[in-house]
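**Student:** Please find one structure pasted underneath; my questions will follow.
The values are calculated or read from the model by the stated rules, or taken from the named source; none is laboratory data. Nothing here was measured: the structure is a model prediction, and the numbers come from that model. Counting neighbours? That spans all protein chains shown, and the Cβs are built from the backbone with ideal geometry, glycine included. These area figures cover heavy atoms from the full protein model, side chains too; ligands, DNA and RNA do not enter into them. Shrake-Rupley method; radii C 1.70, N 1.55, O 1.52, S 1.80 Å.
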Amino acid sequence: MNHHSRPFLHALWFVLFVSTTLPVVAHEGGHAPDMLARVESAIVSGDEVVVVLTVTGFGGPLVLIGMSAAGAMAPIMDPVYVNFAQDVQVQTALRFVGPPPGIFTLNLDFGPVGQGAVTVIPTVGASN
């Protein structure tokens, strides 16, 4: 081994270190719940957005305990239970300080199981 092969060995050690540690680091922390959330409607009325979602469970039973969006106040909700392959419709009314944004993220809190999120693009008008 001479001084010309040292950069190669340093690069090899770096690649081996990164390839063995990154999967572990990326795997730590909370997991997203096994579910799908679809926005059925999001209607703006003044400073409020009424959002109707359908949540579908893909794994074990889930309990939705809250919903939130940045810059909005959400009402306290009763827990919503979602079982495997079950579609559950959920509604919330978010009150913003000022006009609601044209697009925002609605966070779904499933307690210790984790959080999910869905993008909401509200429309102005009356719901059906």
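**Student:** Against the condition open to solvent by less than 60 Å² (accessible area, probe 1.4 Å), not in a strand (DSSP E or B) and not basic (Lys, Arg), how does Gly116 come out, does it pass?
**Tutor:** no
For every residue, the table says whether it meets (1) of a type outside the set (Asp, Glu); (2) out of contact with any Pro (no Cβ under 6 Å at 6 or more places or on another chain); (3) open to solvent by less than 60 Å² (accessible area, probe 1.4 Å).
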position: Val39; (1), (2), (3): yes, yes, yes
position: Thr56; (1), (2), (3): yes, yes, yes
position: Gly60; (1), (2), (3): yes, yes, yes
position: Ala72; (1), (2), (3): yes, yes, yes
position: Asp87; (1), (2), (3): no, yes, no
position: Val97; (1), (2), (3): yes, yes, no
position: Asn107; (1), (2), (3): yes, yes, yes
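**Student:** Kindly indicate the residue of the range 24-37 that is hydrophobic (A, V, I, L, M, F, W, C) and surrounded by 17 or more Cβ atoms within 10 Å (Cβ to Cβ) and also modelled with the lowest pLDDT among those meeting that condition. Please lay out each step first, then the result.
**Tutor:** Filtering the range 24-37 for residues hydrophobic (A, V, I, L, M, F, W, C) gives 24-26, 32, 35-37.
Filter once more, keeping what is surrounded by 17 or more Cβ atoms within 10 Å (Cβ to Cβ): 35, 37.
Working: Met35: 92, Ala37: 95.
Of everything passing the filter in the range 24-37, Met35 is modelled with the lowest pLDDT.
**Student:** Right, here's the next one. I'd like the residue in the range 74-85 that is among the hydrophobic types (A, V, I, L, M, F, W, C) and either touching a residue at least 24 places away in the same chain (Cβ under 8 Å) or in contact with a Leu (Cβ under 9 Å, 6 or more places away or on another chain) (or both) and, out of all such residues, is surrounded by the most Cβ atoms within 10 Å (Cβ to Cβ). Spell out how you get there, then give the answer.
**Tutor:** Keep residues of the range 74-85 that are among the hydrophobic types (A, V, I, L, M, F, W, C), which gives 74, 76-77, 80, 82, 84-85.
From what's left, either touching a residue at least 24 places away in the same chain (Cβ under 8 Å) or in contact with a Leu (Cβ under 9 Å, 6 or more places away or on another chain) (or both): 74, 77, 80, 82, 84-85.
Details: Ala74: 16, Met77: 14, Val80: 18, Val82: 24, Phe84: 13, Ala85: 9.
Result: Val82.
**Student:** Still on this structure: How many residues does the range 31-47 contain that are of a type in the set (A, V, I, L, M) and either touching a Cys at 6+ places or on another chain (Cβ under 8 Å) or free of Cβ contacts under 8 Å to residues at least 24 places away in the same chain (or both)? Explain how you work it out, then say what you get.
**Tutor:** Narrowing the range 31-47 to residues of a type in the set (A, V, I, L, M): 32, 35-37, 39, 42-44.
Now narrow it down to the ones that are either touching a Cys at 6+ places or on another chain (Cβ under 8 Å) or free of Cβ contacts under 8 Å to residues at least 24 places away in the same chain (or both): 36.
The number of residues fulfilling the criteria is 1.
**Student:** Hey, any hits in the range 45-54 for a residue that's in a loop (DSSP other than H, G, I, E, B), loosely packed, with under 12 Cβ neighbours inside 10 Å and in contact with an Asp or Glu (Cβ under 8 Å, 6 or more places away or on another chain)?
**Tutor:** Taking the range 45-54 and keeping what is in a loop (DSSP other than H, G, I, E, B), we get 46-47.
Narrowing further to those that are loosely packed, with under 12 Cβ neighbours inside 10 Å: 46.
Okay, now just the ones that are also in contact with an Asp or Glu (Cβ under 8 Å, 6 or more places away or on another chain), so none.
Checked the range 45-54: no residue is in a loop (DSSP other than H, G, I, E, B), loosely packed, with under 12 Cβ neighbours inside 10 Å and in contact with an Asp or Glu (Cβ under 8 Å, 6 or more places away or on another chain).
**Student:** Only residues in the range 48-73 that are under 30 Å from Gly98 (Cα atoms) and of a type in the set (Asp, Glu) count as the first member; pair them with residues that are buried (at least 19 other Cβ atoms within 10 Å of the Cβ) and modelled with pLDDT of 95 or more, Cβ under 7 angstrom, at least 6 apart or cross-chain, and list the lot.
**Tutor:** From the range 48-73, the pairs are Glu48/Leu94.
**Student:** For the range 83-99, how many residues are within 17 Å of Ile65 (Cβ to Cβ), modelled with pLDDT under 95 and assigned to a strand (DSSP E or B)?
**Tutor:** 0
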